[in-house]
1. Rounded, prolate or oblate: which one fits the stretch 3-93, using the alpha carbon gyration tensor with axes a ≥ b ≥ c (rounded when a/c is under 1.5, else prolate when a/b beats b/c, else oblate)?
2. Setting aside same-chain residues fewer than 8 positions from LYS225, which aspartates and glutamates have a Cα under 18 Å from its Cα?
3. Please list, by residue number, every one of the GluC sites (Glu not before Pro) in the stretch 148-219 that is coil in DSSP and has at most 16 other beta-carbon atoms within 10 Å.
4. Could you work out how far helix 170-188 tilts from the main Cα principal axis of the chain, as a 0 to 90 degree angle to the nearest 10?
5. For the chain, state the average projected area of the convex hull of the C-alpha atoms over all orientations, rounded to one decimal in nm².
6. Identify the GluC sites (Glu not before Pro) of the stretch 5-60 meeting these criteria: DSSP loop state and at most 15 other C-beta atoms within 10 Å of the C-beta.
7. Rounded to the nearest 500, what is the chain's calculated 222 nm mean residue ellipticity when only DSSP H runs of at least 4 contribute -39500 (n - 2.57) each, over all residues?
8. Once both labels are modelled 7 Å past Cα along the beta-carbon direction, what's the VAL241-ARG29 spacing in nm?
Amino acid sequence: MDRATLADFLRRHREALRPEDVGLSEGARRRTRGLRREEVAALAVMSADYYTRLEQQRGPQPSVQMLASLARALRLTNDERDYLFQIAGHNAPASMSAATHVAPALLRVLDRLDDTPALILSALGETLVQNRMAEALFGDRSGFSGLARSEIYRWFTDPSERLRYPEDDRDRQSRALVANLRAAHGSMGAQSRAGDLVRALQKASAEFAELWERHEVAKRFEDHKTLIHPELGPIELDCQVLFTEDQSQALLVLTAPPRTEGYEKLRLLAVLGRQRFTEPGPDHNPGAGTIRQPAGR
């Protein structure tokens, strides 16, 4: 670990960012060049004291997970992220783990979307980052680990995952998720994380195994969909998608036309977004019903 180089690298990249680059307001009386240390710490979901010690060459060696959070908070490119790992005394991420590093270009767009649900997904349906509105709509997806990080895996192994979709739309959603995974599997190969996910689901779900044998392939998202919120009920939304150049990540933006019921429900969702819903009913989806302010966003 090169403490001096790490400290200088973090400071220079922090000072190169402006608040609007990460979705923050400029605010009055800002004397700090670039972002404040506490702002970077909040974006990286760590304590301000811990981050400050890193910049002052006093901190312990950051973990791989902490470095990944810092790379995202500082909007580093892939090359810059790899360099950060190296000066902190770690090997650069392997290709499988590096795939979850959010594309800076998508993050810049997400940072500017505050009044409508938006989230960035990997090719395997893993939520890499979501804004406040997306968390209010879907729940906080940051707590999942292992295979359960993939919404495809949860869809076929956890019945509560389906409660956010109307019953008559669940078969279509099942086929779409499998078709998306088939496309990712073709790109990533059988010995990749996509292959691991397929093999696990073939054992866990007869429905998935049957759909997988159809060999349907698609990398698309439904343009119009209805989602069921545990408090607001059905919300009709339009879905726009922006892919990275290599198609490995996608930014989903959910909107509703003005003067529609869906539009009014999104406005109400914005008000409720910072609250925590309590006393869920018997059909409550724990992934969709918990609402809190996302860490670092």
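1. Prolate is the answer for the stretch 3-93, as a/c is 1.5 or above and a/b outweighs b/c.
2. The qualifying aspartates and glutamates are GLU135, GLU151, GLU161, GLU167, ASP168, ASP169, ASP171, GLU236, ASP238, GLU261, GLU264.
3. Loop-located and lightly packed - GLU213, GLU216.
4. Around 50 degrees separate the two axes.
5. For the Cα atoms of the chain, the hull's average projected area reads 16.6 nm².
6. GLU26
7. -12500 deg cm²/dmol
8. Distance between label points: 4.8 nm.
Read-outs throughout are calculated quantities, based only on the coordinates presented, and are distinct from any laboratory measurement. Predicted model, so just to flag it, every value in this text is computed and none were measured. Cβ coordinates were reconstructed from backbone atoms using ideal geometry, including for glycine residues, and neighbour counts include every protein chain displayed.
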